[in-house]
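Down below is the structure, laid out as structure tokens.
The values are calculated or read from the model by the stated rules, or taken from the named source; none is laboratory data. No experiment lies behind these values; they were computed from the predicted model shown. Note: ideal-geometry Cβ built from the backbone for every residue, glycine included; neighbour counts use all protein chains shown. The area values use the complete protein model at the heavy-atom level, side chains included, leaving out ligands, DNA and RNA. Shrake-Rupley method; radii C 1.70, N 1.55, O 1.52, S 1.80 Å.
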Amino acid sequence: GLEALSCMICYKCANKARMCPHCSKLFCEGCIVRWLQQHDGQSCPHCRSMLDISKMVMAHRLVDDLLGSIRSLQVDSVRSNEDEQHMNSAGQSSRADCESRANEQPHTTQIKAKCSLHEDEAIKYFCNECKTPACSDCVVLGEHVGHQVVKISELAKIMRTGIRCRIKAADDLLQKIQQRKQSLSEQRTIILDSKDARIHELSRLFSNAETTLELECARKLTQIDHHS
């Protein structure tokens, strides 16, 4: 499930994450800076769109928050398995907690980044036209007036929904793989049993043929002795 938060260059969890405004893929800040320096085309490694490091979304706080939520879900799952008697109530509490976390507003640490143009204003919006974060003053009075903007909190919900869908798809795939593994194991058992039965049958037929040949040889020898 953590693949969705991985850098598309080094495939590790994105460090100081930057997001491409065109394809929404994540990169480590260091990885994407080196990529853009090494490639004259200045294009995104994933979608190949023209890319300017200054236009990329700073998503490290969002990534840290999502990682925290995923790890919290994993801890809840482990704890529920350790205590079967408490599993039902703990499971209901965990699901309620997860639903609450999914619906709650992002932590205040996500929106503490200050606007570069209005130092006293926090970044609260993302401009879909300019592909840059913006503060309230930028949206109402500044360079993003009249632009299509979305709240950072709404953008976080969209990314969380995408990650949950990918985790669900991964879980479904894992279940199919496990079912296929079980099916192959059962088929292997059937084949081995059939092999053992076939070997036993061949051994029986060979033994019967050997006995028949010995009897026939004895009969022939008896006839030869009588003729002599």
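For region 110-215, carbon and sulfur atoms together expose 57% of the accessible surface, with a 1.4 angstrom probe and every protein chain in place. Straight-line cross-link reach from residue 195 at under 29 Å between alpha-carbon atoms covers these lysines, not counting any fewer than eight positions away in the same chain: 176, 181.
Annotation: amide H of residue 124 within the under-5 Å range of 134, 135, 136, sequence separation 5 or more or interchain, hydrogens built in the peptide plane. Out of every Cα-Cα pair in region 164-215, what percent are more than 12 Å apart? Considering region 164-215, 75 percent of its Cα-Cα pairs are separated by more than 12 Å. Each Lys or Arg adds one and each Asp or Glu subtracts one; over the other residues with Cβ under 10 Å from the Cβ of residue 136, this totals -1. In the full protein context, region 118-228 carries 77 Å² of accessible surface per residue, based on a 1.4 Å probe and ignoring ligands, DNA and RNA.
Treating the beta-carbon of each Lys and Arg as +1 and of each Asp and Glu as -1, no other charges, what is the dipole magnitude of region 163-228 about its Cα centre, to the nearest 20 debye?
The calculated dipole for region 163-228 is roughly 840 debye.
Near residue 182: Cβ cut-off under 13 Å, other residues only, Lys/Arg at +1 and Asp/Glu at -1. The net charge is +3.
Ordered by 1.4 Å accessible area with all protein chains kept, 33, 140, 145, 63 run largest first as 140, 145, 33, 63.
The orientation-averaged projected area of the convex hull spanned by the Cα atoms of region 106-215 comes to 12.0 nm².
Peptides 20-27, 181-188 ordered by packing proxy, namely the average of other Cβ atoms within 10 Å per residue, highest first: 20-27, 181-188.
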